[in-house]
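Have a look at the structure below before the remarks.
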Amino acid sequence: MTAKIGMTEADLIKACLDNDRMAQKALYDKYKKAMYTLAYRVTGDFESANDVLQDAFLKVFKGLSSFRGESTLGAWIKTIVIRTAYSKIRKNKMFFESIDNVNPESLVDWGDFLQAEYLEKAILSLPDGYRSVFVFIEVEGYSHKEVAEMMGISVGTSKSQLFYAKRKLREKLKHFRS
């Protein structure tokens, strides 16, 4: 079978498992942009994001036979990208701060004063630990429990990292208010 436009997800997976190079390219092309963006948000570095994307898709193709269809293929690939990105920044000794008696659930009202590019730059400038937790929770929608399990940290550490990330973002973005 050769990859064709309009293939179902199941057909694409089967063709990839049959080592159809066109299907593998089609799968990669379908998800590369979104997964690169995610890798970049987590790592904060273009070169690292490229490495993560390459490593993650190698894992995707090696592990595709274990995909059970309990989620969408995109969600499964996203999990692999997140874990690969986190593993990469963890090797660079990610820093986590511990805090006591902080209410990390406090809401941050970003208001209408921000343009997306300023917010994106501010997020990317956060320290690794802050940025990772912020992206996983606020951008990707994971819970503190899920983030804690993925990153091998406590739920309290996840909450504190999010609290500090939001506080740091508020500081960085103050001058954009008018």
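The values are calculated or read from the model by the stated rules, or taken from the named source; none is laboratory data. Computed from a prediction, not measured in an experiment: that's the story for all the values here. Cβ atoms come from the backbone with ideal geometry, glycine included; neighbour counts cover every protein chain shown.
Side notes on the structure shown:
- Test for residue 53: is it surrounded by 13 or more Cβ atoms within 10 Å (Cβ to Cβ) and in the same structural domain as residue 83 (by TED's automatic domain parsing): yes
- Within this structure, residue 153 passes the test of being assigned to a loop (DSSP other than H, G, I, E, B) and of a type outside the set (S, T, N, Q).
- Among the residues of the range 143-178, those identified as at pLDDT below 85 and either surrounded by fewer than 21 Cβ atoms within 10 Å (Cβ to Cβ) or acidic (Asp, Glu) (or both) are 149, 150, 152, 172, 173, 174, 175, 176, 177, 178.
- Flag if residue 117 is assigned to a helix (DSSP H, G or I), of a type in the set (Asp, Glu), over 23 Å from residue 58 (Cβ atoms) and at pLDDT below 75: yes
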